[in-house]
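Structure, as C-alpha cells:
What follows draws every value from the coordinates through simple rules; no lab data is involved. Nothing here was measured: the structure is a model prediction, and the numbers come from that model. Using ideal geometry, Cβ is built from the backbone for each residue, glycine included, and neighbour counts are taken over all protein chains shown.
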Amino acid sequence: MKPSYFLITAALLAPLAAAPAMAQGITTSALRGLDNKAPIDVDADRIDVLDQQNQAIFTGNVRVRQGNLTLEADRIKVAYSRPAKGDPVIQRLDADGNVRLATPSERATSRFGIYDVDKRILTLIGNVVLTQGTTKVQGNRLTIDLASGRSTLDGKTSTGQPGSRVSGRFAVPDRK
C-alpha cells in the first residue's frame, strides 16, 4: 500500500504532536493513487491561448479537475507541449491567487500552486493551510510527491529564507 499523498510524514508530525494519539484524526488521502494520465478538465470565465508559446492562461473562477483532485484559483497558466500528431499534452499548471486544492477528504489553501504533471509533484506556496477533518496544519510550503507519497510542509519561504514555523492542531479522541 502506498503512503498517503496528502498526509504529513511521520517525521514531521512527531515534533508537532505531544502524543501519537493526537495524529489519529488524519486518515488516508483521497489523492492516493491519483492517475496523472487521467483527463484534466478546465473551466474558467476566460481563456487566452498563446499557441506559439505553448501556453493557455485561464482567468476568473478557474477550476481544474483530474480524478478526485480539484484545483481552483483566480488565474491558472497551463503549459503544454504539442506533439507532431495528436492533441496538446499538459505539462504544468501554475495557479495564482486564492488557490484552493480539494479532495473528498482534504482541503488546502495557499497564495500560489504548481502542479508539475510530468514530475507528479504538487506544490502550494504562501500561507498554506491544510485541513483534514478536525486536523489542521499550517506552514509556508507544502510539497506532495504523487509518485512516492511523501509530503513535506515547511516554514521556509520560497527563496529558502526562514519564514514562519510549521504549526498544527490535532484532534484527541475521547478515552475511557
Rounded to the nearest 0.05, what FRET efficiency is calculated for Thr152 and Arg107 with R0 set to 25 Å and r the Cβ-Cβ distance? 0.85
Please arrange Glu72, Glu106 by how many other C-beta atoms lie within 10 Å of their C-beta, fewest to most. Glu72, Glu106
Scattering curve values for the range 78-176, log₁₀ I(q)/I(0), Debye with Cα scatterers, q = 0.20, 0.23 Å⁻¹: -1.03, -1.24
Say each of Thr134 and Ser167 gets a label point 7 Å from the Cα, pointing the same way as Cα to Cβ; how far apart are those two points in nm? 1.9 nm
Please give every one of the aspartates and glutamates within straight-line cross-link reach of Lys77, meaning a C-alpha to C-alpha distance under 13 Å, and leave out same-chain neighbours fewer than 8 residues apart. Asp43, Asp48, Asp51, Asp94, Asp96, Asp116
